[in-house]
Amino acid sequence: QKEVEQNSGPLSVPEGAIASLNCTYSDRVSQSFFWYRQYSGKSPELIMSIYSNGDKEDGRFTAQLNKASQYVSLLIRDSQPSDSATYLCAVVSYGGSQGNLIFGKGTKLSVKP
Amino acid sequence: DVKVTQSSRYLVKRTGEKVFLECVQDMDHENMFWYRQDPGLGLRLIYFSYDVKMKEKGDIPEGYSVSREKKERFSLILESASTNQTSMYLCASSLPTAGTETQYFGPGTRLLVL
């Protein structure tokens, strides 16, 4: 069974701090990785995708990928109360001819003013 | 921008009713997905489709069926609704090519079965 594991949280950080969200995955052949943000009662929205080892930055968000360790993380710099949400890690799982996404259960982030 | 729409935001049905949830995407995506999301259980894949008339079972297909008669439309059917199908239902679509697997979600349908 291919799995994506996340700490469920809640992760609480003060406003302005760096929030660090972590994810591990079991499928060694996965090549594509995604972070989604989901506000309470809303649907997931894509924040970042990452395909290569290393860091990828987009504004206050940095995704980090280490395929050897099967580990992907999301850093949120200068955290704002509006960043309070559940963050879902997703990994492409290749079975058959096409890839589906396997989602972690999410980490709930709370940014306190 | 990709737009995925779902027919209802909130739905209340009675046990035993047949329920139709519709999803439409406007980006010519080949792949479409139906998930349900429950507290503590995360997103669980019910059914998916890679092409018109094509469907594949996901992790929890029991009690559900799907229909894809047109590329842009993917319907989820609850043949006889039960209380344990009370949930948030999310539709998503994506392209099929490696490196473009990003799934775009609709707003969700919150279904209550009484």
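For the stretch B:69-114, GluC sites (Glu not before Pro) meeting the loop criterion (DSSP other than H, G, I, E, B) and having at most 12 other Cβ atoms within 10 Å: B:Glu79. Between B:Phe20, A:Gln38, B:Gly106, the Cα set farthest toward the positive side of the dipole of the protein assembly as shown (charges on each charged residue's Cβ, about the Cα centre) is that of B:Phe20. Among the trypsin sites (Lys or Arg not before Pro) found in the stretch B:5-74, those both in a DSSP coil and sparsely packed, with 12 or fewer other Cβ atoms within 10 Å of their Cβ, are B:Arg9, B:Arg14, B:Lys18, B:Lys53.
Only Cα pairs under 8 Å and at least 6 apart count here; give the relative contact order of the stretch A:9-113 as a rounded whole percent. Computed over the stretch A:9-113, the figure is 37 percent.
Taking a sphere under 9 Å around the Cβ of A:Pro81 and counting the other residues whose Cβ falls inside, with K and R at +1 and D and E at -1, yields a net charge of -1. In this Cβ point-charge picture (+1 for Lys and Arg, -1 for Asp and Glu), the stretch B:19-93 has a dipole of about 80 debye about its Cα centre.
The alpha-carbon atoms of the protein assembly as shown define a convex hull whose volume equals 120 cubic angstrom per residue. For chain B, take the convex hull of the Cα atoms, compute a quarter of its surface area, and give me that in nm², please. Directional mean of the projected Cα hull area for chain B stands at 6.8 nm². P(r) for chain A, from all Cα pairs and a bin width of 10 Å, is 15, 48, 30, 7, 1 %, short bins first.
Rounded to 0.05, the FRET efficiency of the A:Asn22 and B:Arg14 pair, given R0 = 30 Å and the Cβ-Cβ distance, is 0.10. Remark: mean inter-chain Cβ contacts per residue of B:39-47 equal 3, using a 10 Å Cβ-Cβ cutoff to other protein chain atoms. For the stretch B:1-56, the share of alpha carbon pairs falling in successive 5 Å distance bins from zero is 4, 13, 19, 25, 22, 12, 4, 0 percent.
A protection proxy built from the mean count of other Cβ atoms within 10 Å ranks the segments A:54-61, B:80-87, A:105-112, A:37-44, most packed first, as A:105-112, A:37-44, B:80-87, A:54-61.
Each Lys or Arg adds one and each Asp or Glu takes one away; over the other residues whose Cβ falls under 12 Å from the Cβ of A:Ser93, this sums to -2. A straight Cα-to-Cα reach below 16 Å connects A:Lys67 with the lysines A:Lys2, A:Lys56, residues fewer than 8 places away in its own chain not being considered.
Since every read-out is calculated from the coordinates, none of them should be taken as a lab result. Please read these numbers as outputs of a predicted model, since none were measured by experiment. When we count neighbours, we look across all protein chains shown, and the Cβ atoms used for this are built from the backbone with ideal geometry, even at glycine.
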